[in-house]
1. Mind listing whichever residues of the range 108-124 are open to solvent by less than 40 Å² (accessible area, probe 1.4 Å) and part of a loop (DSSP other than H, G, I, E, B)?
2. Of the conditions (1) buried (at least 17 other Cβ atoms within 10 Å of the Cβ); (2) in contact with an Asp or Glu (Cβ under 8 Å, 6 or more places away or on another chain), residue 16 satisfies every one except a single condition; which number is it?
3. With 67, 77, 105 as the choices, which residue is surrounded by 20 or more Cβ atoms within 10 Å (Cβ to Cβ), assigned to a helix (DSSP H, G or I) and charged (D, E, K, R)?
4. Quick check on my filter: what residues within the range 80-102 are part of a loop (DSSP other than H, G, I, E, B) and either open to solvent by less than 20 Å² (accessible area, probe 1.4 Å) or more than 15 Å from residue 128 (Cα to Cα) (or both)?
5. If residue 91 passes every condition in (1) charged (D, E, K, R); (2) out of contact with any Lys or Arg (no Cβ under 9 Å at 6 or more places or on another chain); (3) under 30 Å from residue 137 (Cβ atoms) but one, which one does it miss?
6. Only residues that are open to solvent by less than 30 Å² (accessible area, probe 1.4 Å) and either in a helix (DSSP H, G or I) or over 15 Å from residue 73 (Cα atoms) (or both): list them for the range 22-50, please.
7. Regarding residue 133, is this residue farther than 25 Å from residue 66 by Cα, assigned to a helix (DSSP H, G or I) and modelled with pLDDT of 95 or more?
8. Report, by residue number, each residue of the range 178-196 that is among the basic types (Lys, Arg), open to solvent by 30 Å² or more (accessible area, probe 1.4 Å) and either closer than 20 Å to residue 211 by Cβ or assigned to a helix (DSSP H, G or I) (or both).
Amino acid sequence: MEPNIILRIREELTFNVDEKTKASSSRFFKEEVRCYGVKTAIVGRIAKNYFTEIKFESKKDIFALCEELFRSDYCEEAYIAAEWAYQVRNDYSEDDFFTFERWVENYINNWAKCDTLCNHSVGSFIEKFPKYVENLKAWTQSDNRWVRRAATVTLILPARKGNFLNEVFEISDLLLKDKDDLVQKGYGWMLKEASKLHRQEVFEYVMNNKKEMPRTALRYAIEKMPEELRAKAMEKNWKKRS
């Protein structure tokens, strides 16, 4: 393996710091975040360029590099780690789930890191090994808000393809009254993606649960529906049919 690859990535990130990007990055997060302040397009290019140096390495070695990047806590390094983990998706094996779970529990501390890792890497894993969707349901019971959000955003791309509809509803049920707005947005987003191919089912789900569903989740869920359905879902005085 090319020596000092992490060091060279860090030097290149430092070289590409953009003060405007750095100043604006904190606006997107409620929590404190560590960012170099590099534009996402440049971070993506760096991830791609350096992956060519390691693409023939073992998955184990690539995951070890990902872990080193995650450990730094920098948003840009986490982005590269998530991208590299996704690049080896064809080599995923069942035990990788527990690596992903550990990463989510230990290194994910804002919505961007959560979504970047889970949308692609963990989502692809679930598509390859669907029985692990049961583990996502267990994530909904975590005290860690990012693990709970991860349970939802992992299914974003599968849901967009029309898959795992029952599990989308089950996970939404488990998180229905969650008090955390970023978890609410997560399951609302998951429902929205599912609605692209299952509009009627998602609409009925929303109508049946709207009394308990926080407005944040509800708004996300119906965002792509026709105006008349959105208006119906937002009505305050709608009564559930017996």
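The values are calculated or read from the model by the stated rules, or taken from the named source; none is laboratory data. These numbers were taken from a predicted model, which means no experiment stands behind them. FYI the Cβ positions are ideal-geometry reconstructions off the backbone, even for glycines, and counts take in every protein chain you see. For the accessible areas, the whole protein counts, side chains as well, though only heavy atoms, and no ligand, DNA or RNA atoms are used. Shrake-Rupley method; radii C 1.70, N 1.55, O 1.52, S 1.80 Å.
1. 108, 110, listed by residue number.
2. Checking residue 16 against (1) buried (at least 17 other Cβ atoms within 10 Å of the Cβ); (2) in contact with an Asp or Glu (Cβ under 8 Å, 6 or more places away or on another chain), the one that fails is (2).
3. That would be 77, the only listed residue that is surrounded by 20 or more Cβ atoms within 10 Å (Cβ to Cβ), assigned to a helix (DSSP H, G or I) and charged (D, E, K, R).
4. 88, 92
5. Every listed condition holds for residue 91 apart from (2).
6. Correct list: 24, 25, 43, 44, 46, 47, 50.
7. No; evaluated as a whole, the condition is false for this residue.
8. Answer for the range 178-196, where residues must be among the basic types (Lys, Arg), open to solvent by 30 Å² or more (accessible area, probe 1.4 Å) and either closer than 20 Å to residue 211 by Cβ or assigned to a helix (DSSP H, G or I) (or both): 179, 185.
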